[in-house]
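These notes concern the structure reproduced below.
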Amino acid sequence: MWMLSFLPDSILLYAIFAVIASGVGLYVLGMFLGYFPSLILYRRPIGILSTLLIVAGVYFYGSYDTEMKWRARVAEVQAKVEEYKKESDDANTKLEAKSKEKQKVRVEYYAQVKERIVEKAVQIDAKCELDPEVPKLINAAATNPLSKGTVTIEEIKK
């Protein structure tokens, strides 16, 4: 049956209608054979054959209709997938921009803390005493600036 998918739909539909039409034509022919005494013997076989053709044609038409409905559903789902894919790409772009902004804040924060450590290193080394500012600097270097919420550069300089 999958081989029929290579045929255009219109040709397949015409073939189905041809089977139904030939069944109906044979049925009408079989009814007229009853009026000719010499051909009356062929009436029953032609009637059986015409009935089989009509039933087969209607069955094929039902299968064709079901196949077309499934194809329409597949096309609808594929359209939705494309739409969701576009939305996903937009969301990923936004997420990447947000991530870059957070990374930028982290880098700026760590750079400010390193500068303060360098500034205080001279004082720390000169006295060989632990300045009360040193633990604050080390703690500031070890914390994530985004875990406290948004941290501004002015807060880092304090």
Margin query: I'd like to know if the range 120-129 contains one or more residues that are at pLDDT below 70 and not in a helix (DSSP H, G or I).
Written below: yes
Check: Restricting the first residue to the range 1-20 and requiring it to be within 16 Å of VAL55 (Cα to Cα), which pairs with a second residue that is among the β-branched types (Val, Ile, Thr) and surrounded by 10 or more Cβ atoms within 10 Å (Cβ to Cβ) meet a Cβ separation below 8 Å and a spacing of at least six or different chains?
Finding: ILE20/ILE54; ILE20/VAL58
Item checked: Residue within the range 49-60 that is surrounded by fewer than 12 Cβ atoms within 10 Å (Cβ to Cβ) and either part of a helix (DSSP H, G or I) or within 46 Å of the chain's Cα centre (by Cα) (or both) present -> no
Check: Would the range 100-109 turn up any residue that is under 27 Å from THR143 (Cα atoms) and in contact with a helix residue (DSSP H, G or I) (Cβ under 7 Å, 6 or more places away or on another chain)?
Finding: yes
Note to self: For the list (1) closer than 30 Å to LEU12 by Cβ; (2) at pLDDT below 90; (3) exposed (fewer than 12 other Cβ atoms within 10 Å of the Cβ), I need the number of the one condition that GLU154 fails.
What the structure shows: (1)
Next item on the list: Pairs only if they're at least six apart or on different chains, beta carbon under 6 angstrom, first in the range 102-122 and at negative phi, second in a helix (DSSP H, G or I); list them, first residue then second.
Entry: TYR109/ILE156; GLN112/ILE156; VAL113/ALA140; VAL113/ALA141; ARG116/LEU137; ILE117/LEU137; LYS120/GLU133
Margin query: Can you go through ILE11, ILE20 and tell me which one is of a type in the set (A, V, I, L, M), surrounded by fewer than 12 Cβ atoms within 10 Å (Cβ to Cβ) and under 18 Å from GLY57 (Cα atoms)?
Written below: ILE11
Margin query: Could you go through the range 32-44 and let me know if any residue there is in a helix (DSSP H, G or I), among the β-branched types (Val, Ile, Thr) and at pLDDT 90 or above.
Written below: no
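The values are calculated or read from the model by the stated rules, or taken from the named source; none is laboratory data. Bear in mind that the values here come from a model prediction, so they are computed numbers and not experimental data. Using ideal geometry, Cβ is built from the backbone for each residue, glycine included, and neighbour counts are taken over all protein chains shown.
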